[in-house]
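One structure is given here, and the rest of the page talks about it.
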Protein chains: 2
Amino acid sequence: MTLNQVQFAVLGQLFHTPVKGDFEYLPQALVCIDNLGNILSVTTDDDSGFDANIQQLEQAGKLTRLTDSQYLMPGMVDLHVHAPQWPQAGKGLDLPLYDWLQDYTFPLEAKFADNSFAQPMYRSAVETLLANGTTSAVYFATIHNEASVTLAKTCLELGQRGFVGKINMDDASQCPDYYLEDTVQGLADTEQFIQDVLALPGNEQRLVSPVVTPRFVPSCTPQMLKGLGELTTKYKCHVQTHCSESDWARDYSLEHYGKSDVAIYQEMGLLTRKTILAHSIFLSDDDCEAIKATGASIAHCPLSNMYFANAAMKTREILDKDLHVGLGTDISGAPVPSVFHTCLDAVNHSRVREDGTNTHLPAPERGEAGSRISFLESYWMATVGGGLAIDTKVGLFAPEYAFDALIIDTQAPDSDLFVIPELDTPRDRLEKIIALNRRTNVRKVYVQGKQVINKDA
Amino acid sequence: MTLNQVQFAVLGQLFHTPVKGDFEYLPQALVCIDNLGNILSVTTDDDSGFDANIQQLEQAGKLTRLTDSQYLMPGMVDLHVHAPQWPQAGKGLDLPLYDWLQDYTFPLEAKFADNSFAQPMYRSAVETLLANGTTSAVYFATIHNEASVTLAKTCLELGQRGFVGKINMDDASQCPDYYLEDTVQGLADTEQFIQDVLALPGNEQRLVSPVVTPRFVPSCTPQMLKGLGELTTKYKCHVQTHCSESDWARDYSLEHYGKSDVAIYQEMGLLTRKTILAHSIFLSDDDCEAIKATGASIAHCPLSNMYFANAAMKTREILDKDLHVGLGTDISGAPVPSVFHTCLDAVNHSRVREDGTNTHLPAPERGEAGSRISFLESYWMATVGGGLAIDTKVGLFAPEYAFDALIIDTQAPDSDLFVIPELDTPRDRLEKIIALNRRTNVRKVYVQGKQVINKDA
């Protein structure tokens, strides 16, 4: 490493989870970032030349030193966000799904036909996620091309790694008449959207990627799904959709296609290494095998599942089978725009699943023994798992990975984090941060080596 | 009302829930507070002399005007907090209860034998709760008198309405040998603790109350429970304890006493109008009748239940039976020190209970239909329900109620609240605040008319 290769370096405490279910804590790590925003090296005082490198970097004005209350941590990956629903986050979540969709969600999404309505809403969504530490987000937009491109532009402008999908919904029997597209036109629009996002000025490094996005099986005709599969192949696109989210959705596919969502997506050319399946509650063993064989990923959205999924995801089994799996906030099927919170929710829901809920049943019949997951597994999903799902080298501090990173300060203003050095081991501190990190604790955010949030400026 | 009677007044938007399941929004309310910190009047421009009163108060320098993004809301009531566990909030919550107690909780609580250890820990706990908007807190301390009095003093000093219990644990077969008291000495200590708290300088208005606190049935001998019942009668004390929290706890009582926790507490003189029963998961119909007949209350701790209760509380039925019920964070059986968050958790857990978790069961056998609760019911529990439980006039804006109140600002620094005036009805705004309020949004906190937090100073 020569000094010229280093754009800047960060020196301080570091947490990450290279191994699922475990963590690494470095009390004093030096992370050097190259001119493209990728990590050149991660060294400690076990490495030769450590002190000399620090001195050199400091003299060159390239070194950021963290304080004792600050931690360098990987940026969070949110695998499932409905960006146009951000304006309603928190509203109506005590309603049944049908009412919530008809009374709140579809009317709101339909407003994005007006790009001037969309602009401030998308700006707020991206700003909010970044300020909470989400460096990569996988977004459902709406059926509207102009506003969906606006979302992609907003990610570029604010510096977030964005995966943006114009939604497809063309089955008139399942979609409201005011929020529906024609099959042929919808496919043409989607191809145009893909081309527009790839050609966006400033997107030469592909910070923002287009995503093929059938809303879910019931909202699309078979022709639409088939056409989207062809576009996926043609453009080697990422794909995102909802998968077996509820009893109703699972049954719809069985009734109309005689097979599961996973099998339908696979048949249509929509199940690839770059496919992200949100929810995936009612997966069969065959479904899991197909997902594993293709290297597709699951976006686990635990809080939203509590509201709308009718059951708990088999997170324990999915982790044990080594499927690719990360976390999603599912804004606004859940209200909280922080993947740290999603980590807590994932642990919570796994605990509820393990013990069950029904006091009228004897304990052995109530839950599913052995289904809990740990905080460390949850945090792994939010970082490394998310990086695998978007097929991008993020979520870890290692050479060649993009420097998508957070500086978390446990002594930020109005913070709930109470770290007690003499009582808290590194693992304790990491668990406290996962459980109680709030937006205020996220002081600086870097994406691809660029500082996009600095609250201490 | 004469000007002299008014200590100060607040003018602005106001939310509260006088009727369970409903809410009241006043776009421009004038709340006048008397010299003792109680509410004199709540008026709107429908009331005669409204404008003249405002002018008079303003000229006298007694008026606080809220901005368009600020809301006057009742202070939150936290019915179940283990204050000495605050230092470990977030640690080990993916462990089974036994491990969490033996490896984390009991060793930490035992440290409170040292009052100099206790002081900064209790200060942090009370400061944190106040900063999150908790104006009344019902605290378990530890078995140690000196440190428990320190907690009471800390509430007084920082201005929080506190209900503080020195814990009783005297059954050597169920308690660790390093964290155990003698029966006779424990009872004497408890009486001394009650007297000490009542006699604290500055506690003439009884801002802080002593609470008789058997940890739970298994940790106490029958002699201890009986003695505590006598102290309860003698001093007309509040009582708090854990009640039927888990399969194991319920079974322990049935095996050792042949009756339920509620029946045991009633027999021992511990079930009164001023008793707060934390958790109360496995209640029989008889238990519910006894609770209702005495006017005792339930502290519902939904997030903690997800970790440790083995099942979901029958919240829907308890609300419908009109039992007294409020919310508890159960720090650190759950990590989040905000009752706003507990409101969200209560809705979440009721939804999980309604739908169930086990994907291997058919939907009708999976959950318990009709068991969901609403955001408004949850918020009612956090305010009005909490006030009923502590038998104190708080939780509402009405004459003769104490002015325990919050000024919530949806445009606070680093806030996640995104209120859109042209899209959000008052109900929408309230639901957003319940779901997404964070510590930063709590700008000012008043207890008994005294401003104890002001983040805009």
## Note on the structure
Exactly one of A:Asp322, A:Asp261, A:Asp247, A:Asp286 is within 12 Å of chain B (Cβ to nearest Cβ) and among the acidic types (Asp, Glu), and that one is A:Asp247
### Query
Scanning region A:203-232 for residues that are under 20 Å from A:Ala137 (Cα atoms) and assigned to a loop (DSSP other than H, G, I, E, B), which turns out most open to solvent (accessible area, probe 1.4 Å)?
A:Glu204
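Every residue, every condition in (1) in contact with an Asp or Glu (Cβ under 6 Å, 6 or more places away or on another chain); (2) open to solvent by 10 Å² or more (accessible area, probe 1.4 Å); (3) of a type in the set (Phe, Trp, Tyr); (4) not assigned by TED's automatic domain parsing to the domain that holds B:Pro337, yes or no:
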{"site": "B:Ile143", "(1), (2), (3), (4)": "yes, yes, no, no"}
{"site": "B:Lys153", "(1), (2), (3), (4)": "no, yes, no, no"}
{"site": "B:Gly159", "(1), (2), (3), (4)": "no, no, no, no"}
{"site": "B:Phe193", "(1), (2), (3), (4)": "no, no, yes, no"}
{"site": "B:Pro201", "(1), (2), (3), (4)": "no, yes, no, no"}
{"site": "B:Lys234", "(1), (2), (3), (4)": "no, yes, no, no"}
### Task
Collect the residues in region B:357-403 that are in contact (Cβ under 8 Å) with a residue 40 or more places away in the chain, facing chain A (nearest Cβ under 9 Å) and open to solvent by 20 Å² or more (accessible area, probe 1.4 Å), keeping them in residue-number order.
B:Arg372, B:Ser374, B:Glu377
## Note on the structure
Taking region B:211-260 and keeping only residues that are among the aliphatic types (A, V, I, L, M) and touching a residue at least 12 places away in the same chain (Cβ under 8 Å), one is left with B:Val211, B:Val212, B:Val217, B:Met224, B:Leu225, B:Leu228, B:Leu231, B:Val239, B:Ala249
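Residue by residue, here is whether (1) within 24 Å of B:Leu130 (Cα to Cα); (2) assigned by TED's automatic domain parsing to the domain that holds A:Gly295; (3) within 16 Å of the chain's Cα centre (by Cα) holds:
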residue	(1), (2), (3)
A:Leu406	no, no, yes
A:Ala412	yes, no, no
A:Pro426	no, no, no
A:Leu436	yes, no, no
A:Gly449	no, no, no
### Task
For A:Gly92, indicate whether it is modelled with pLDDT under 95, out of contact with any His (no Cβ under 7 Å at 6 or more places or on another chain) and within 26 Å of A:Ala299 (Cα to Cα).
yes
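Run down B:Leu57, B:Leu72, B:Leu93, B:Leu108 and say which single residue is open to solvent by less than 10 Å² (accessible area, probe 1.4 Å) and within 12 Å of chain A (Cβ to nearest Cβ).
On inspection, the qualifying residue turns out to be B:Leu93.
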### Query
Is it fair to say B:Glu422 is more than 19 Å from the chain's Cα centre (by Cα), away from chain A (no Cβ under 14 Å) and either among the hydrophobic types (A, V, I, L, M, F, W, C) or open to solvent by 20 Å² or more (accessible area, probe 1.4 Å) (or both)?
no
## Note on the structure
If we keep only residues of region B:239-250 that are within 13 Å of B:Thr272 (Cα to Cα) and touching a Ser or Thr at 6+ places or on another chain (Cβ under 6 Å), then the residue surrounded by the fewest Cβ atoms within 10 Å (Cβ to Cβ) is B:Val239
### Message
Residues to consider are A:Thr342, A:Thr440; find the one that is surrounded by 21 or more Cβ atoms within 10 Å (Cβ to Cβ), farther than 30 Å from A:Gly295 by Cα and polar (S, T, N, Q).
### Response
A:Thr440
### Message
Just to be sure before I move on: is A:Leu303 at the interface with chain B (Cβ under 8 Å from one of its Cβ atoms) and closer than 23 Å to A:Thr275 by Cα in the structure I sent?
### Response
yes
### Query
Can you tell which of A:Leu108, A:Leu97, A:Leu79 is at pLDDT below 95 and among the hydrophobic types (A, V, I, L, M, F, W, C)?
A:Leu97
### Message
Step by step: first the residues of region B:175-191, then only those that are part of a loop (DSSP other than H, G, I, E, B) and over 22 Å from B:Ala83 (Cβ atoms), then the one that is most open to solvent (accessible area, probe 1.4 Å). Which residue is that?
### Response
B:Asp177
### Summary
Listed by range, helices (runs of 4 or more DSSP H) wholly within region B:234-307 having at least 2 residues that are in contact with a strand residue (DSSP E or B) (Cβ under 9 Å, 6 or more places away or on another chain) are B:261-267, B:285-294
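The values are calculated or read from the model by the stated rules, or taken from the named source; none is laboratory data. This one's a predicted model, so the numbers in the text were calculated from it and none came from an experiment. Heads up, the Cβs are rebuilt from the backbone with ideal geometry, glycines too, and the neighbour counts pull from every protein chain shown. SASA here: full protein model, heavy atoms, side chains in, ligands and nucleic acids out. Shrake-Rupley method; radii C 1.70, N 1.55, O 1.52, S 1.80 Å.
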